[in-house]
Amino acid sequence: MMLLDIFTFSGRLHPLIVHLPIGFIILAAFFDILSYRPKYQHLKQTIRLVLLIGFIAAVLACTFGYVLSLGGDYDRDTLSNHKFSGITLALICGLLYLCSAEKFGKYLQVGGKVFSALLVGLVVLMSYSGHQGASLTHGNDYLTFRTLMQQEREKPETVEQAMLFEDVIQPILQNKCTQCHRDGKRKGELSLESLVEINKGGKNGKAVVAGKLDSSELFKRITLDEDHKDFMPSDGKPPLTKNEVNLISWWIKEGNVDAGITVADLKNTTALKPMVAVFLGFEGFADPEDGGTETAEAINPGIPHVVDTMSITSLRNKGVRVRMMLKKPVMLDVTLPPKSGVKLNDIIPDIAKLAKNIVWLNFSENDLTDQDLDFLPSLTNLEKLRLEKNPVTDQVSNYLTSLAYLDAVNLNETNITDKGILKLKENPRIQRIYNWKTNASEGKLD
Amino acid sequence: MADHHHHEEFKLNDPDFSRLNQKLDRRNFLTKTSMGIGALALGSLFGNKLMGNSARPEISNATADMEQEILKALPHFAPKAKRIVYLFMSGGPSQIETFDFKPKLVNLMGQDLPESVRKGQRLTGMSANQSALPMVPSYYKFNQHGQNQTWVSDLLPFTAKVVDDLCIVKSMHSEAINHDPAITFFQTGNQLPGRPSIGSWLSYGLGSDNENLPTFIVLVSKNGQKDQPLYARLWGNGFLPSKHQGVQFGSGKDPVLFLNNPEGYDGADRKEMLEYLSKLNQMQNSTYGDPEVDARISQYEMAYRMQTSVPEVMNVADEPEEVFELYGPDSKDPGTYAANCLLARKLLEKDVKFVQLYHQGWDQHDNLPSGIASQCKATDQATAALITDLKRRGLLEDTLVIWGGEFGRTVYSQGKLTANNYGRDHHPRCFTMWMAGAGVKPGISFGETDDFSYNIVKDPVHVHDFQATLLHLMGVDHERLTYKSQGRRFRLTDVEGKIVKGILT
C-alpha cells in the first residue's frame, strides 16, 4: 500500500518538478547570450553547471511525468508529443552539458555560435513541450489565441431570453464535467466541450440519445447512487445539484435541443422555466435544495444569515446554553438554566449582539423581575418565550406587544394578572399564553 | 492520605507505550507530511466561509473525518421539537379495541375472514393452523370525544379527554411479524440487532442540552406483564460511540446502577481520582487511538455529575398531592408506568433530549378482553396525565409525545371465540399510533384502514416514514444523518423513509 502511495504521490510531483529544468535551461541560454558581452564573459564558466542541474531536473521530471502518465486518461496524441519532446529535451540538455564539459568537450567540439543556437533551439523545444503539457492538464484551449478572442456570454436578462444550451446546459457541463471530459484529456474517450463532441459519445457509447433518458449514458451516470463506482462526477468531485440534473433530463427528453435556441422558442416550458430561473439565480427563485421549499416558506426572512460567534462563546462560558437551531439563517435557542445565579447584566451585552438571531428564549426560574427584562423588545424575531417561575408582573406584557413573530409566551407561576394577559392579546401574533398557577383567570381569556 | 505523591508527570515504561516517546519515523513522516499538504489545500477550500463570519475562523482539518463534516451541517431544518418522550407499548396493543373503530364488524362476528381481505398473507405459526379465522369486533364500546368527535374506546377514558391534543395515525404498518424483530425494527430501523437506537442517533446528531444528565434515558415499567422480554440493545448505541447509548433508570434504591459511592468511602477525593484516571486513559488513547477510550472518559465524568443530578431529578417529594392525583394512585409507587410518566416529565423539564418508556404486556393472544383492560387501566390515566401536565406547563410547545407498539393485532380470533372471550394474533399490516405536541397537528386522525382493520386504504405510514418524520421534527434530515461503519454509511431509515407531511403543522 505504502509503495503504491509513494508511486502516485511522486507522479503528482511532476507538475512541480517540471518547472525546475525550465528555469535552469532558460537561465543557461540567458547566461550564454549575456556572455557575449565582455562584462559578463565570466558567466560562460557557470553554464556548464547550470546545464548539469537542468539535465538532472529534466530527467527527474521525465521520470515523474512517466509515472503520472500511467495513472490518467490523457489525450494520446498530445501525451506522446509531450513525452517525446520532453525526453528529447532532456537528452539534448545532457549532450550540451557534455559539449561544454572540459573532459568530453574535445570529442564533441562545437563552435560558440553553434552552441548558442542549439541552446536557443532547446528553449524553443522546451516551450513546445511545455505547451503540450499544459494542454494535457488545462485543456487544449487553455492558452490559445482563440481564448484571447473569445467573448464571455452575458447573462440573459429573462428566462425567455436564455439559450438552453449556451446559457444552461453548457455551463453545467463546464462546471461539473469538462475538467476530465474535454478535448485534451478525454477520460473514457468522451469530451463534453461542444455539441458536436457530446453527440459523438465516448467509450461506452452515446453520451446523450435525443429523447431517450434510458439510453443516455451521461444521464445514467449522474443519477446513480453517489457511492456507485460508475457515478459521475467521480472521485468525490462535486456532484450535480438536483436542479442541474432536472435541467439535463429536460434537455435530453426534449430531443437535446440544439445550440442557439432560446427558452422562448421552445414548447411546454412550464416545468423548465423555474428550473432555468433557479439555475441562473434570478431573484425570488430559491434552489429547493438549499433548505427546502416548504421549510424556507415558514422561516422569517428577517433572521440574519450571520451571527456574532464571539457572543455565543461568551454566553456559553457564562453558563448560558445556546443551541443552534439552524445555520442558514442563524436561529438560536437560548436557555438560562433554572436557578443559574447568573446576573442578567453580565449577559445582556451578548444577548444584544445576538438579538436578531434569538428565536427561542428560556429564562424560567431565575428570579427575574420586570426591570431585568426591558431588553425583550429588541428580540424582534423571537417566536417562543419562557418566563415561568419568575416574579414578573403585568409590566412584562408591554415588552411583548411589538414582537411580530412571537407565537407562545409562558407566564406560569408568575405575578401576571388578567390585565397583563389582555395587554398581551393586543399582539395579534401571539397564539398561546400559559398562565397556570397565576392570578389570571384561566380559560376565560384563552 | 493528604500527601499524594503523584505530582510529577506519569511516565510509563510499558513497551506498549514506547511509541509515545518515539520521534517521527520515516513512515510517519511520509504520512504526516503528505497529509499536511492535503490539509493546506483543504484549509483553503473550506476557508472560513462557515457562518459568514471571520471572527473565529474554523479551519477545517484534514484529519477531521467525514463524521465531523456531517455533524457540522446539523441541524438541517429549523426544529419544531426540542425533546421527545416515546411511550413504547411493547407487545403490540390491539388497534381494534383502542382507536380504530370498526362498527361493521359487529354484524360479521364469527364469520370467517374473507380471502379477498387476507390475500394469502402468511400468518404466524400461532394461528396459521387454525381451521377457521372467525372475525371478532371490539368487546368494548366506542364513543366520540372532544371537539372533533374522535372515536375512542371506553377502555381509555382519560386518553379520550385529551384526544383533541393527539394526532392519531391509524395507518401504521411494519415489516416484522414477531416481537423482537418488530421492536428492533422500530427502534433501530433494522430487524436484525446491532444498529443504533433512535435516541442514540439523536444524541449523536444533536448532542446534549443538559450535560448533567444523559441525552437518552430509558424507563421500563415494573408493572407490565413481562411475557415478552426487552433487551438493553433496544436502547443500545450499535456502532455509534458508546456515550450515545440509552441509560436505563431503575426504580429501586439505586436508580442508576453503580452510581453511588461504595460503603465506607466518602467520595471526597473522587474528583481528583477521576482527573488522574482520565490522564491515564488519554495516554492509553494516544497509543491505541480507540474511540471507546474517549467514551470511557466522558462516561466517568458523566457518572460523577450524575451523582448529584440523578438523586435530585428522581426525588418527587416536592411534587404537590394534586400531581399524584393527576397521574393516578400508582404514581406514588416508584417503577410503575405512572411513576415513570411523572419522572419522564421531570426529565423533560431538565431538557433531557430523548426519554423512552417501555410498558410490556400488550401481547393478548388469548383472554384479550380482560388482558387489554388491565393494560389500559395501568397506563391510560398516566398517559393522559403526562399530556395534560406537559401542556399546562407549556412544555408541549417543544416536546413531542409518541405512543405506540411494534405492530397491531388481527381482526380474527386466535383460539376459540366465545361471547366473552377471544384472542388476537400479531398483525403488522395496520396498526395505530399517536403523537402529540411539537410540530404535529393536534386533534386529527391520519390514514384509514378497511372495514376489517386488516389492510390500509389511505395514507399508509411505514415504520421508516415514522422515523423520518420523527427526525424531521427534531431538525434532522434522515437522509443526511449517517455514520460510517464497516465500510458503509448507515442511516436510521436505511434507504427508505418519507416524511409524513400530512401530520405536520
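The values are calculated or read from the model by the stated rules, or taken from the named source; none is laboratory data. The model shown is predicted, which means the values in this text are computed figures rather than measured ones. Here Cβ is always computed from backbone atoms with ideal geometry, including for glycine, and neighbour counts include all displayed protein chains.
Checking B:S445 against (1) within 14 Å of chain A (Cβ to nearest Cβ); (2) hydroxyl-bearing (S, T, Y); (3) under 30 Å from B:I372 (Cα atoms): exactly one of these is not met. Which one?
Going through the list (1) within 14 Å of chain A (Cβ to nearest Cβ); (2) hydroxyl-bearing (S, T, Y); (3) under 30 Å from B:I372 (Cα atoms), B:S445 breaks only (1).
Looking at the stretch A:325-351, which of its residues are surrounded by fewer than 18 Cβ atoms within 10 Å (Cβ to Cβ) and in contact with a strand residue (DSSP E or B) (Cβ under 7 Å, 6 or more places away or on another chain)?
none
Quick check on the stretch B:245-257: of everything there that is assigned to a loop (DSSP other than H, G, I, E, B) and in contact (Cβ under 8 Å) with a residue 12 or more places away in the chain, which residue is nearest to the chain's Cα centre (by Cα)?
For the stretch B:245-257, the residue satisfying everything is B:G246.
So that you can scan it fast, the table gives a plain yes or no per residue for (1) at negative phi; (2) not in a loop (DSSP other than H, G, I, E, B):
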| site | (1), (2) |
| --- | --- |
| B:S453 | no, no |
| B:V457 | yes, yes |
| B:H464 | yes, yes |
| B:H472 | yes, yes |
| B:V476 | yes, no |
| B:E496 | yes, no |
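Name, by its number, the condition in (1) modelled with pLDDT of 90 or more; (2) within 14 Å of another protein chain (Cβ to nearest Cβ); (3) under 24 Å from the mean Cα position of the chain (by Cα) that does not hold for B:E312.
(1)
Quick one: which of B:S171, B:S94, B:S131 is among the polar types (S, T, N, Q), assigned to a loop (DSSP other than H, G, I, E, B) and touching a strand residue (DSSP E or B) at 6+ places or on another chain (Cβ under 8 Å)?
B:S94
Here's the yes/no breakdown for (1) within 14 Å of chain A (Cβ to nearest Cβ); (2) more than 25 Å from B:R345 (Cβ to Cβ); (3) surrounded by 18 or more Cβ atoms within 10 Å (Cβ to Cβ):
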| residue | (1), (2), (3) |
| --- | --- |
| B:P196 | no, yes, yes |
| B:W201 | no, no, yes |
| B:G207 | yes, no, no |
| B:P214 | no, no, yes |
| B:V220 | no, no, yes |
| B:D227 | no, yes, no |
| B:F249 | no, no, yes |
| B:K253 | no, no, no |
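Just for the stretch A:182-224: of the residues that are of a type in the set (D, E), at pLDDT 80 or above and part of a loop (DSSP other than H, G, I, E, B), which one is surrounded by the most Cβ atoms within 10 Å (Cβ to Cβ)?
Here the answer is A:E193.
Out of B:I198, B:I217, which single residue is touching a strand residue (DSSP E or B) at 6+ places or on another chain (Cβ under 6 Å) and not small (G, A, S)?
B:I217
So A:E365 passes all but one of these: (1) among the acidic types (D, E); (2) under 17 Å from A:P391 (Cα atoms); (3) more than 13 Å from chain B (Cβ to nearest Cβ). Which condition number does it fail?
So A:E365 meets the others, but not (3).
Report, by residue number, each residue of the stretch B:494-503 that is in contact (Cβ under 8 Å) with a residue 12 or more places away in the chain and surrounded by fewer than 24 Cβ atoms within 10 Å (Cβ to Cβ).
Within the stretch B:494-503, B:D494, B:E496, B:G497, B:K498, B:I499, B:G502, B:I503 qualify.
Considering each residue of the stretch B:197-243, count those that are under 22 Å from B:D290 (Cα atoms) and aromatic (F, W, Y), and give that number.
Adding up the residues that qualify gives 3.
Could you say whether any residue in the stretch B:433-456 is within 20 Å of B:G199 (Cα to Cα) and acidic (D, E)?
No, because not a single residue in the stretch B:433-456 is within 20 Å of B:G199 (Cα to Cα) and acidic (D, E).
Taking A:L60, is it buried (at least 19 other Cβ atoms within 10 Å of the Cβ) and of a type in the set (A, V, I, L, M)? Let's see the steps before the verdict.
Numbers: buried (at least 19 other Cβ atoms within 10 Å of the Cβ): no; of a type in the set (A, V, I, L, M): yes.
For A:L60, the condition - buried (at least 19 other Cβ atoms within 10 Å of the Cβ) and of a type in the set (A, V, I, L, M) - is not met.
Within 24 Å of B:Q467 (Cα to Cα), assigned to a strand (DSSP E or B), of a type outside the set (D, E) and in contact (Cβ under 8 Å) with a residue 40 or more places away in the chain: which single residue out of B:V401, B:V411 fits that description?
That would be B:V401, the only listed residue that is within 24 Å of B:Q467 (Cα to Cα), assigned to a strand (DSSP E or B), of a type outside the set (D, E) and in contact (Cβ under 8 Å) with a residue 40 or more places away in the chain.
From the residues in the stretch A:376-401 that are part of a loop (DSSP other than H, G, I, E, B), of a type in the set (A, V, I, L, M, F, W, C) and touching a strand residue (DSSP E or B) at 6+ places or on another chain (Cβ under 7 Å), which one is farthest from the other protein chains (Cβ to nearest Cβ)?
Here the answer is A:L379.
Go through the stretch B:472-492 and report how many residues are away from chain A (no Cβ under 14 Å) and either touching a His at 6+ places or on another chain (Cβ under 7 Å) or at pLDDT 95 or above (or both).
1
Are there any pairs, at least 6 apart or on different chains, whose C-beta atoms fall under 7 Å, with the first in the stretch A:404-415 and in contact (Cβ under 8 Å) with a residue 60 or more places away in the chain and the second not β-branched (V, I, T), and if so, which?
Once the first residue is in contact (Cβ under 8 Å) with a residue 60 or more places away in the chain and sits in the stretch A:404-415, its partners that are not β-branched (V, I, T) give A:Y405/A:N300; A:Y405/A:N381; A:Y405/A:L382; A:Y405/A:E383; A:Y405/A:R429.
Scan the stretch A:402-414 for residues that are in a loop (DSSP other than H, G, I, E, B) and within 43 Å of the chain's Cα centre (by Cα) and report the count. Please lay out each step first, then the result.
Our first condition is that a residue be in a loop (DSSP other than H, G, I, E, B); within the stretch A:402-414, this holds for A:402-407, A:411-414.
Those left that are additionally within 43 Å of the chain's Cα centre (by Cα): A:402-407.
Selection size over the stretch A:402-414: 6.
Restricting attention to the stretch B:230-244, and to residues there that are in contact with a strand residue (DSSP E or B) (Cβ under 7 Å, 6 or more places away or on another chain) and part of a loop (DSSP other than H, G, I, E, B), which single residue is surrounded by the most Cβ atoms within 10 Å (Cβ to Cβ)?
Going through the qualifying residues, I end up with B:L240.
Can you tell me which residues in the stretch B:367-410 are within 14 Å of another protein chain (Cβ to nearest Cβ) and among the hydroxyl-bearing types (S, T, Y)?
B:T388, B:T399
Find the residue count for the stretch B:152-167, including only residues that are buried (at least 18 other Cβ atoms within 10 Å of the Cβ) and under 28 Å from B:M109 (Cα atoms).
Within the stretch B:152-167, residues that are buried (at least 18 other Cβ atoms within 10 Å of the Cβ) and under 28 Å from B:M109 (Cα atoms) number 6.
So, restricting to helices (runs of 4 or more DSSP H) that lie completely within the stretch A:1-84, which ones have at least 2 residues that are away from chain B (no Cβ under 14 Å), closer than 18 Å to A:L95 by Cβ and of a type outside the set (A, V, I, L, M, F, W, C)?
By residue number, A:19-34, A:44-71.
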